[in-house]
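The block underneath contains the structure these notes are about, expressed in structure tokens.
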Amino acid sequence: MIDPKTLSARFPGDFLFGVATASFQIEGATKTDGRKASIWDAFSNMPGRVFGRHNGDIACDHYNRMDEDLDLIKSLGVEAYRFSIAWPRIIPEGTGPINEKGLDFYDRLVDGLKARNIKAYATLYHWDLPLALMGDGGWTSRTTAYAFQRYAKTVIARIGDRLDSVATFNEPWCSVWLSHLYGIHAPGERNLDAALHALHHTNLAHGLGVDVVRHHQPNLPVGIVLNAHSIYPGSESAEDMAAAERAFEFHNGVFFGPVFEGKYPDGFMSALGHRMPEIEEADLAIISQKLDWWGLNYYTPMRVSHDATPNADFPATVAAEPVSDIKTDIGWEVYSPALANLVRRLNSQYPLPPCYITENGACYNMGVVDGQVDDQPRLDYIADHLSVTADLIAEGQPIKGYFAWSLMDNFEWAEGYRMRFGIVHVDYNTQVRTVKKSGHWYCELAAQFPRQEI
Ligand code: IFM
């Protein structure tokens, strides 16, 4: 086991350690204080969409247990808490009236963090789109980007003065491809044209959100959180290598390109540009405004081979076999070198600002035995990926912080509650929280920071 004190010595004294969650995954109270349905409420109530038809109605009941959860975060010794704000609490219909009670909740959350000397890292959109916006087509409609702009302005005007950092979007790859092309996440669409529309309108909404922050809180650092994929070819054949490059454009380039270079990737545009929605003249300038930081969520590599099916849509790839037999309980390959390769490639290809690892962690489902949760494989996973992170920093890669996903077990989207990522165990019957072995280990590490350099 890597000793946390030894590992801590490999990080700069101002490295930031935090824990992360997202609104729909922990809050519950989906009908309380004026909140209305999100696309995830509707999706999880449909048969066949979410394991066991689990839903977010109660989740970790964080809405009602916020103070004790903030105490829990404090007890973990971390410097920052990354959370997301639920749009359907703030503007329950997506457009229309603002719900003061929803804003009050996040006001209390941010004040509670300040009172405990914990930095507040907020995300404006972590997938809980107000259901009413589906009446206009959700993210496939350009109007949703403008609705997001107003929502962002409402949030920033109310709590922006006390945030330490804000991200516009969490993992647009999921809310675009996984939600509109692969049908796994809400709204469960499987249509490339819908996905291409969602792609551009999400990118536009990100840019409009950056505008809002720059205008209303010019000193608030703003960024975006991307689950960039570390992509490997299934073999060294020329066909598979080319497939991996196409996959890089499709899974990474369509976000990194517009946001950091002001353009969609060439190969992607040659193949699919004619099916994109209208890209108005100013759009790419809005999308590519300079950011203060970007967030990387990394869990597992992606391996692809060439798809020889005639007329297969770009990127024309199929999944290739993992190289490692080591998998977490959700079936994701554990392979930390992919994190290093990814960070190096992204920094060499794009002019990126400093990076925070805004999510990293592992799914292991062991429970409480005699008051303890022995989740050694999660501890090893986190230690291993932090060790890679320390090496990256040593070679000069600008990584400023790390947030463990997740503070506590929670609603794991299409997997419901059966898949657990927390460093704190949640008993969903009693709502008792139990810090796992990985949580105790992470606490020992995080408590060393910020370190006074002598
Ligand atoms: O639970 C999710 C989170 O909402 C976004 N990133 C990946 C996590 C694990 O799947």
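The values are calculated or read from the model by the stated rules, or taken from the named source; none is laboratory data. Here the structure is a predicted model, which is why all the values come from computation and not from measurement. Backbone-built Cβ (ideal geometry, glycine too); neighbour counts: all protein chains shown. The protein model used for the area step is the full one, side chains on, heavy atoms only, and it has no ligands, DNA or RNA in it. Shrake-Rupley method; radii C 1.70, N 1.55, O 1.52, S 1.80 Å.
Structure notes:
- Lone qualifier among W127, W139 - being within 16 Å of the ligand (Cβ to nearest atom) and open to solvent by less than 70 Å² (accessible area, probe 1.4 Å): W127
- Looking across the stretch 411-449 at every residue that is open to solvent by 40 Å² or more (accessible area, probe 1.4 Å), out of contact with any strand residue (DSSP E or B) (no Cβ under 8 Å at 6 or more places or on another chain) and farther than 25 Å from D57 by Cα, the one that is nearest to the ligand (Cβ to nearest atom) is identified as H440.
- Test for N191: is it open to solvent by less than 30 Å² (accessible area, probe 1.4 Å), of a type in the set (S, T, N, Q) and either in contact with a strand residue (DSSP E or B) (Cβ under 6 Å, 6 or more places away or on another chain) or closer than 29 Å to I39 by Cβ (or both): no
- Any hit, the stretch 392-408, residues being in contact with a Leu (Cβ under 9 Å, 6 or more places away or on another chain), closer than 23 Å to D14 by Cα, in a loop (DSSP other than H, G, I, E, B) and open to solvent by 10 Å² or more (accessible area, probe 1.4 Å): yes
- For the stretch 178-209, the set of residues classified as within 16 Å of the ligand (Cβ to nearest atom) and either over 22 Å from N55 (Cα atoms) or not hydrophobic (A, V, I, L, M, F, W, C) (or both) consists of S179, Y182, H185, T202, listed by residue number.
- Scanning the stretch 414-454 for residues that are aromatic (F, W, Y) and not in a loop (DSSP other than H, G, I, E, B) returns W441, Y442.
- Looking only at the stretch 346-380, residues that are within 15 Å of N227 (Cβ to Cβ), more than 14 Å from the ligand (Cβ to nearest atom) and among the small types (G, A, S) come to 0 in all.
- Helices (runs of 4 or more DSSP H) within the stretch 19-122 that include 3 or more residues modelled with pLDDT of 95 or more and charged (D, E, K, R): 66-75, 100-115
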